[in-house]
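Inspection log for the structure reproduced underneath, given as structure tokens.
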Protein chains: 2
Amino acid sequence: MIEAARTLIRERGYNATAFSDVLELSGAPRGSVYFHFPDGKAQLGMEVAAAHAEEQRAIIDRAAEGADSAAAMIESYVNMGRKGMLASDYSRGCGIAPLVTEGPTAASAEVAEASRAAFAGISARLAEHFVAFGLRKKPARELAEAVLAAVEGALITSRALGSPAPFDAARAVLVARAEALSPSAR
Amino acid sequence: MIEAARTLIRERGYNATAFSDVLELSGAPRGSVYFHFPDGKAQLGMEVAAAHAEEQRAIIDRAAEGADSAAAMIESYVNMGRKGMLASDYSRGCGIAPLVTEGPTAASAEVAEASRAAFAGISARLAEHFVAFGLRKKPARELAEAVLAAVEGALITSRALGSPAPFDAARAVLVARAEALSPSAR
């Protein structure tokens, strides 16, 4: 059910995702809503944010494994986002962003906290890898925030424009910055 | 009414913005909905996207007027976004993004086209100024796409994190790239 909810939230946002749609897509029985989500839809939103962040951290780890520098890792990570956007035919965005942009309606304080923790976890994982590739802590954290923001934004503008150009542009800017910050450039 | 709707869409998204809320915030009489928006809420969304893009283009022009380089212009533009985020106490995002992330529900094909045109117009205006500051056309267009994506993303992650750090990080990356692409660096 969380996976079905995540798909729907990525496609149509939080408010437009009803429990009935989640049940239909997941094939779960109606009673499971009350069993698994006794706190209602906010709980579903929180678990989707956590699941999306977990997937992103795994994707980041994969990008880092195959890379020999922060720049190569960023290139791979942005390319994965680009590939996902094309594969969905520009129909699927971030699983966390709608919980933020649909603001006070989505958010109970707990949903807001889940969104914060989700983004903070993705950014921290990016920064850890950048440090492992030799960047100093402060620039690594800054680069991580920039990668997260640029990819989040590309998920929106690429989708709206129906073009991968925002991913390509974000990649070029971020890779150049990573190269300038890397140990060999110092 | 468009200004009231834009405020609400920036705070709570598109689906959660009802005509009744727009009427309450704007103080407009009920009958004006049918008079000004005979095509209903999709029309309101389209006009909000256009109004938001127009405001952004004006902000970009102002940032360019006070700047002597693409880098200085980007610094000023990102700072304006950062200032707005802080002034709203992390409660207000982009007026176009919700029309995209709330996907097929918001979008009639016309709303999708209005979002596309809005982002394309902002990006084109950025690129025009970059060219006026001496960048070549292709890098100017790429830098514009990167600025748009990074600022869009910062509007989401800064809001979620309750921190201006994403704007600061995006600014550092974008300014460095603008400096590297500028005529004096060639």
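The values are calculated or read from the model by the stated rules, or taken from the named source; none is laboratory data. Quantities reported herein were computed from a predicted structural model and do not represent experimental measurements. All Cβ positions, glycine included, derive from the backbone under ideal geometry; neighbour counts span all protein chains shown. Each accessible area value is taken on the protein alone, full model and side chains, heavy atoms only, with ligands, DNA and RNA left out. Shrake-Rupley method; radii C 1.70, N 1.55, O 1.52, S 1.80 Å.
Scanning segment A:1-21 for residues that are open to solvent by 30 Å² or more (accessible area, probe 1.4 Å) and without any contact (Cβ under 8 Å) to a residue 40 or more places away in the chain yields A:Arg12, A:Ala18, A:Phe19, A:Ser20, A:Asp21. Being β-branched (Val, Ile, Thr) and in contact (Cβ under 8 Å) with a residue 12 or more places away in the chain is the filter here; which residues of segment A:128-151 pass it? Hits for segment A:128-151 are A:Val147, A:Val151.
Here is a yes/no grid of residues against (1) within 30 Å of A:Val175 (Cβ to Cβ); (2) among the aromatic types (Phe, Trp, Tyr); (3) under 17 Å from the mean Cα position of the chain (by Cα):
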| site | (1), (2), (3) |
| --- | --- |
| A:Glu24 | no, no, no |
| A:Phe37 | no, yes, no |
| A:His52 | yes, no, yes |
| A:Ala64 | yes, no, yes |
| A:Ala71 | yes, no, no |
| A:Glu75 | yes, no, yes |
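One residue stands out among those in segment A:162-172 that are out of contact with any Gly (no Cβ under 9 Å at 6 or more places or on another chain) and free of Cβ contacts under 8 Å to residues at least 40 places away in the same chain: the one that is farthest from the other protein chains (Cβ to nearest Cβ), which is A:Ser163.
Only a single item in (1) in contact (Cβ under 8 Å) with a residue 60 or more places away in the chain; (2) among the charged types (D, E, K, R); (3) more than 7 Å from every other protein chain (Cβ to nearest Cβ) is not met by A:Glu102, and it is number (3). Scanning segment A:162-186 for residues that are open to solvent by less than 10 Å² (accessible area, probe 1.4 Å), small (Gly, Ala, Ser) and out of contact with any Asp or Glu (no Cβ under 7 Å at 6 or more places or on another chain) yields A:Ala170, A:Ala178.
A:Val131 meets all of the listed conditions (1) open to solvent by less than 10 Å² (accessible area, probe 1.4 Å); (2) assigned to a helix (DSSP H, G or I) but one, namely (1). Please tell me if B:Ala149 is at the interface with chain A (Cβ under 9 Å from one of its Cβ atoms) and part of a helix (DSSP H, G or I). Criteria met by B:Ala149.
In this structure, does B:Phe119 turn out to be at the interface with chain A (Cβ under 7 Å from one of its Cβ atoms), assigned to a helix (DSSP H, G or I) and surrounded by 20 or more Cβ atoms within 10 Å (Cβ to Cβ)? In short, yes.
Out of all the residues in segment B:152-161, is one or more in a helix (DSSP H, G or I), under 27 Å from A:Val100 (Cβ atoms), in contact (Cβ under 8 Å) with a residue 60 or more places away in the chain and open to solvent by 10 Å² or more (accessible area, probe 1.4 Å)? Looking for residues that are in a helix (DSSP H, G or I), under 27 Å from A:Val100 (Cβ atoms), in contact (Cβ under 8 Å) with a residue 60 or more places away in the chain and open to solvent by 10 Å² or more (accessible area, probe 1.4 Å), one finds at least one in segment B:152-161, hence yes.
Against the condition small (Gly, Ala, Ser), facing chain A (nearest Cβ under 10 Å), touching a residue at least 12 places away in the same chain (Cβ under 8 Å) and out of contact with any Pro (no Cβ under 6 Å at 6 or more places or on another chain), how does B:Ser108 come out, does it pass? In short, no.
Given the structure, is A:Glu55 modelled with pLDDT of 95 or more, open to solvent by 60 Å² or more (accessible area, probe 1.4 Å), more than 13 Å from chain B (Cβ to nearest Cβ) and within 16 Å of A:Arg6 (Cα to Cα)? Judged against the criteria, A:Glu55 is a match.
When B:Ala124 is tested against (1) away from every other protein chain (no Cβ under 12 Å); (2) among the aliphatic types (A, V, I, L, M); (3) open to solvent by 40 Å² or more (accessible area, probe 1.4 Å), exactly one condition is not met: (1).
Of all the numbered requirements in (1) more than 9 Å from every other protein chain (Cβ to nearest Cβ); (2) touching a Ser or Thr at 6+ places or on another chain (Cβ under 8 Å); (3) of a type in the set (A, V, I, L, M, F, W, C), A:Val175 misses one, and that requirement is (2). Taking the criterion of being among the hydrophobic types (A, V, I, L, M, F, W, C), without any contact (Cβ under 8 Å) to a residue 60 or more places away in the chain and exposed (fewer than 15 other Cβ atoms within 10 Å of the Cβ), the residues of segment B:58-99 that qualify are B:Ala58, B:Ala87.
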